[in-house]
Amino acid sequence: MDHAHEIARRRTFAIISHPDAGKTTLTEKLLLYGGALHMAGAVKSRKATRHAISDWMSIEQERGISITSSVLQFDHEGYRLNLLDTPGHADFSEDTYRTLAAVDGAVMLIDVAKGVEDRTKRLFEVCRLRNMPIITFVNKMDRPGRDPIDLMDEVQKLLKIGVVPLNWPIGQGSEFIGVLDRLTMNVHVYEKVDAGAAVATEKIAPLHSDEAKRLLGDRWAEVNESAELIEAAGDPWSVEAFLKGQVTPFFFGSAMSNFGVAPLLRAIEALMPKPLPRETVQGERRPEDADFAAFVFKIQANMNPKHRDRIAFMRVVSGKFERGMEVRLARTGKTLRMNKPHTFLAAERSIVEEAVPGDIVGLYDPGELRIGDTLSTGAPVVFQGIPRFAPEFFARVRLKDPMRRKQLQDGLMQLSQEGTVQLFFREGLGAADPYLGAVGMLQFEVLKVRLEQEYNVKVELETSRYTAARWIGGAASGRDWLDGRSDFAVVTDRDGRPVVLAETGWSLQYATQEAKGLILYDVSPLGGPES
Ligand code: G4P
């Protein structure tokens, strides 16, 4: 295996979108093009089951939303793509944030009729925190929708990013037949395949060729006009600006009918960066570095309820991963043997023998690993931690059967390590009686169901009067001020970091004005892993 070549052909990315924009459909189609699915689950047949190949947990199947993020690896035209699925539901933004820490770029999916939606905006902002390159795919072109120029304006204004159409739709709605590629000036014309279940036939011809005139017929003149239009539309194209997250190239298509999916896939391969370096406390770690290093970005327990297994997902950053190798866990200094590493195609797991930077490896974990952990060989390194977001919803647990306190405590601990909820402890209250914090209400529901299904613990959740939390920093006098007030609760997170719970966001503002030297943070302080 030529290591440098293997790294260079990796593309590790995620798709971000508002629910219903077509992420599941597009994911299936990318897999179809990658030969990973011979027949993409035809959209019609999905209607009955209402879940995609990337859905694992029964709870998400029932709800028809993706709660967990899954990892899919497939090959296409010499490239190896790692697609990390992100939950579309707003209540799982923490999970999404962590997943985005493990990719090098994102595809932003927009419904042509709806444009930039709430969730698109929030997810985009998470990508912006890392200046991540983003390719925009305008989906559902087979339906009546908005004018492409209008959509580009909206993205530019609402998301404050430059836009460049790298292809342009030929027709729209039922007249949508293909795209014009701006860089090559080729037209790509598609033939409809029944329910988009197989790869669509793509005919490619230079715009100024007889072949294109034949393919487009009367519409050739119109496409020729749009060739001038796209030159003038949006910002100038610059790969450099794209890689810095300053401009996003636009692609148009229909995931359902597969039109425009191949150009998107080729753009992901040609434009998205190969695996990028990551910051560590000891300096930058590059993919070419000889020593192996990886960080854990996601932990999922009990993926198979029969086996009660727990899997930690790590992103390889440098060196080479080999099955059976021994690595050092930075947080504890312990040596771990990588015995049963896995790659994933949804429910199908296969043992991985080797992995290179950009790859995601799943490890069976007996409870040793935490989100943000560093695993490495050679000189010790520690990746910058993955921060936690301040929760916006709070609850207390009421246990129905007091005999199951121990199980409750175990369940809470494990599920919080996965990031299902955050736990906050208050002096005088036991470890089984923490405040629970979540970024979305649905996280509490999932917690309740999982406690029952996986730990056989029935609980009621009582909403709490608190609505905001901040990590406490700055001078000690600030914390003393908070301690002396009855309208705030000073608690500690799992790592013992002090956190203030407040009844209103306004009261937090008041606190920072009144308490000398007090600094409040809405993401947990960086440095070191979560534990
Ligand atoms: P999501 O994962 O982003 O939530 O979206 P998903 O792929 O489930 O797609 C949401 C709906 O949009 C589905 O219809 C899907 O068939 C439809 N869709 C996706 N891509 C396209 C497209 O390119 N063109 C058109 N016309 N529709 C598209 P549904 O009725 O909600 O579900 P189903 O009954 O078809 O499964």
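Values quoted throughout were computed directly from the atomic coordinates according to the rules given, and no laboratory measurement underlies them. The shown structure was predicted, so the numbers you read here are calculated from the model rather than taken from an experiment. FYI the Cβ positions are ideal-geometry reconstructions off the backbone, even for glycines, and counts take in every protein chain you see.
Amide H to amide H distances under 5 Å link ALA475 with LEU518, ILE519, where only residues 5 or more positions off or on other chains count and H is placed in the peptide plane. Pairs exceeding a 18 Å alpha-carbon distance, out of LYS203/LYS274; LYS29/LYS192; LYS114/LYS140; LYS140/LYS274: LYS203/LYS274; LYS140/LYS274.
Within a straight-line Cα-Cα reach of under 25 Å, LYS458 can be paired with the following lysines, leaving aside sequence neighbours fewer than 8 residues apart in one chain: LYS306, LYS400, LYS406, LYS448. Rounded to 0.05, the FRET efficiency of the ALA227 and LYS274 pair, given R0 = 35 Å and the Cβ-Cβ distance, is 0.65.
Relative to the Cα centre, the charge distribution of the chain, modelled as +1 at Lys and Arg Cβ and -1 at Asp and Glu Cβ, gives a dipole magnitude of about 1340 debye. For the stretch 205-279, trypsin sites (Lys or Arg not before Pro) are listed when DSSP marks them as loop and at most 16 other Cβ atoms sit within 10 Å of their Cβ; the list is LYS244. Phi angles of the stretch 359-374 translate, via the Karplus equation with coefficients 6.51, -1.76, 1.60 and θ = phi - 60°, into HN-Hα couplings of 7, 10, 10, x, 10, 5, 10, x, x, 7, 9, 10, 4, x, 5, 9 Hz per residue; Gly and Pro are given as x. Structural size metrics of the chain, computed from C-alpha coordinates, are Rg and Dmax of 24.5, 82 Å. Electrostatic tally near ASP401: other residues with Cβ closer than 14 Å to its Cβ, Lys and Arg +1, Asp and Glu -1, net +4. In this structure, ASN456 and ASN339 have a Cβ-Cβ separation that, at R0 = 41 Å, corresponds to a calculated FRET efficiency of about 0.90.
Close amide H pairs (under 5 Å, H built 1.01 Å from N) link ASP85 with SER70, VAL71, LEU72, residues at least 5 positions away or on another chain. Ranked by the mean number of other Cβ atoms within 10 Å per residue, highest first, peptides 27-33, 484-490 order as 27-33, 484-490.
Measuring nothing but how far apart in sequence close Cα pairs (under 8 Å, 6+ apart) lie, relative to its length, the stretch 387-526 scores a relative contact order of 30 percent.
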